[in-house]
1. Which loop GluC sites (Glu not before Pro) in the range 306-376, with loop taken from DSSP, have no more than 11 other Cβ atoms within 10 angstrom of their Cβ?
2. Give the relative contact order (percent, whole number) for the range 251-338; include only Cα pairs under 8 Å separated by 6+ residues.
3. Remind me, relative contact order of the chain in percent, using alpha carbon pairs under 8 angstrom and six or more residues apart?
4. I'd like the distance separating the alpha-carbon centroids of the range 236-258 and the range 261-310, in whole Å.
5. Within the chain, which whole H helices from DSSP have a Cα span along their axis of at least 27 Å and a mean Kyte-Doolittle hydropathy of -1.0 or more, if any?
6. At a 1.4 Å probe radius, carbon and sulfur cover how many percent of the accessible area of the chain?
7. Which residues in the range 142-166 have a backbone N closer than 12 Å to a point placed 7 Å from the Cα of F288 along the Cα-to-Cβ line?
8. Could you tell me which of rounded, prolate or oblate describes the chain, using a ≥ b ≥ c as the square roots of the eigenvalues of the alpha-carbon gyration tensor, with rounded for a/c under 1.5 and, failing that, prolate when a/b is larger than b/c and oblate otherwise?
Amino acid sequence: VKGIVILGSTGSIGQQTLAIIRAFPQCFTVVGLAAGNNLNLLMQQVNEFRPRFFSCLSYPEHSNTVFPDGCFPMPMEEMVAHTDTDMVVVATMGMTGLRPTLEALRHGKSVALANKEIIVMAGQLAMLEAKQHGATILPVDSEPSAIWQCLQGEDSEASRVIITASGGAFRNRSPEELANVTPEEALKHPTWHMGKKITVDSATLMNKAFEVIESHWLFDMPWEKIDVVIHPQSIIHSMVEFCDGSVKAQMGPPDMRLPIQYALFHPKRVSNPSLPRFDAIRNPSLTFEPLEPKLYPCFDIALEAGKAGGSYPISLNAADEVAVGLFLQERIGFLDIYRVVSQTLDAAQPTCDGSPESILETDKWARARAREIAAA
Ligand code: MG
């Protein structure tokens, strides 16, 4: 029985993780649940799964809320390090999960990571902590999970990985049309149902650049060996090419529960009747297109920031989080996301030594700068 802590349990990935746990109650025990502001849903989850610990950002203001007996508030950093915790599912958004993730790695825990921003900000540090403390990072994102699955059982190194991208909500728009798109339109993802931030990141392809950065660190893959191709059907989740030219693809209907379940049970696979199955006849055409740089200017600057390292990927992530937040509040336009991020990166200084303190400091600076740029 695996002891699980879920950080971000009320978000999209958190809820789907609990759906898997609900389907296999004999395999897991929920040690702790952490949420941001959705205290009501957290209460429901606590009543169903009976964790020993919970954490909720908005709890102190509602401390008259009565949690069941035997369930105590505990900071995320402490619940991930608890002796009963075997695996931590990091499904938080943005940088909230950074400190607890590093803490979990330092305690040698398995970390199922859905919050790719953590690797964007602190990829080198996270990999180092994992190595030093015998911890493992299991990708929960569908593309890195696909690469991970394709690499199973191979003794030879991959010669190339090909990450697929749906192209997001605006694949068929012209660059001119993008100026006036609304948050509502940006949130209509053609193939995936996800949280708001990542759905907008899919429309700008920022999310895809994050996945390239994530794959670079998780699989120790040189930048020049990572390609991205538009695949509108989201059936092939990514591909790996080997030295003999053979290419393995991992396929399946777009449903996050599969990569979540794969990470939870790794190295075993289990049958789950509630997951959708692939039907070749109903998916007669799987197509590919090149990524059109004019349509997705965020992709290139994000990738450059990732390659440059130091303070750049941290500033990238912070500026994107600020810009997407403002776009969702209809305070800036869709194309302003690129403007805010690129101008923040232009102003960034390459001074960050990669320590958690300097990561947090850079993040704080970049958020403030991005807000100023957005307001200008
Ligand atoms: Mg993904």
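The values are calculated or read from the model by the stated rules, or taken from the named source; none is laboratory data. No experiment lies behind these values; they were computed from the predicted model shown. With ideal geometry, Cβ positions are generated from the backbone for all residues, glycine too; neighbour counts draw on all protein chains shown. Please note that ligands, DNA and RNA were not included when accessible areas were found on the heavy atoms of the full protein model with its side chains. Shrake-Rupley method; radii C 1.70, N 1.55, O 1.52, S 1.80 Å.
1. Here the GluC sites (Glu not before Pro) that fit, given the DSSP loop and packing criteria, are E330.
2. On the way: 32 pairs, mean separation 15.4, N = 88.
Normalised by residue count, the contact order of the range 251-338 is 17 percent.
3. The normalised contact order for the chain reaches 15 percent.
4. 9
5. The qualifying helices are 356-375.
6. 51
7. Answer for this model: 161-165.
8. Numbers: a/c = 1.40, a/b = 1.14, b/c = 1.23.
Taking the square roots of the gyration eigenvalues as a ≥ b ≥ c, the chain is rounded.
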